[in-house]
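Have a look at the structure below before the remarks.
The values are calculated or read from the model by the stated rules, or taken from the named source; none is laboratory data. Remember, it's a predicted structure, so these values are computed and weren't measured experimentally. All Cβ positions, even for glycine, are placed from backbone atoms using ideal geometry, and neighbour counts span all protein chains on display. Quick note on the areas: whole protein, heavy atoms, side chains included, nothing else; ligands and nucleic acids left out. Shrake-Rupley method; radii C 1.70, N 1.55, O 1.52, S 1.80 Å.
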Amino acid sequence: MEDPTHDELTDSIVRAGTWEGLKIQVLHGVPHIVERNEAALTPPIAMRFSPGTLLAYYRRIAQDGSRGSATTSWDWWMVLMSTHLGEAIYDLDRIDGPAVITIGKFGFTATPIRGG
């Protein structure tokens, strides 16, 4: 299967967010979580990663899903990425202060914004 485009990957994040009770909007090319369980987030939580990092994350998940699975790489991506998104939201609750969502070793993760 051919790799999805950056727009397709971004759209999949927006769709998967609804499964986690999130409303995600792409603002200036960057996904932002603007609502959680129908409550506005002020400020919205940005999802900060490069297109290359997102594609590498997709490839890693797709590769894991292709091992002996009856599901397609895309289906596996949607399930696992959604799960990782939910875990990142859980981590947001544990961070005392501003944060963004990044892609870490295990997928989406909440990362504190350090003041400088």
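Residue-wise test of (1) hydroxyl-bearing (Ser, Thr, Tyr); (2) open to solvent by 60 Å² or more (accessible area, probe 1.4 Å).
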site: PRO4; (1), (2): no, no
site: ASP7; (1), (2): no, yes
site: ASP11; (1), (2): no, yes
site: THR18; (1), (2): yes, yes
site: HIS28; (1), (2): no, yes
site: ILE33; (1), (2): no, no
site: ASP64; (1), (2): no, yes
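Among ILE89, ILE101, which is at pLDDT 90 or above, within 10 Å of the chain's Cα centre (by Cα) and assigned to a helix (DSSP H, G or I)? Before the answer, list the steps.
Values: ILE101 fails: assigned to a helix (DSSP H, G or I).
None of the others qualify; the one that does is ILE89.
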Exercise. Restricting the first residue to region 79-97 and requiring it to be more than 14 Å from ILE45 (Cα to Cα), which pairs with a second residue that is of a type in the set (Asp, Glu) meet a Cβ separation below 7 Å and a spacing of at least six or different chains?
Worked result: SER82/GLU20
Problem set entry | Matching residues, region 61-74, being part of a helix (DSSP H, G or I) and either among the small types (Gly, Ala, Ser) or at pLDDT 90 or above (or both) | ALA62, GLY65, SER73
Seminar exercise, completed: Heads up, the strands (runs of 3 or more DSSP E) in region 1-48 (entirely inside) with at least 2 residues that are free of Cβ contacts under 8 Å to residues at least 12 places away in the same chain are 39-46
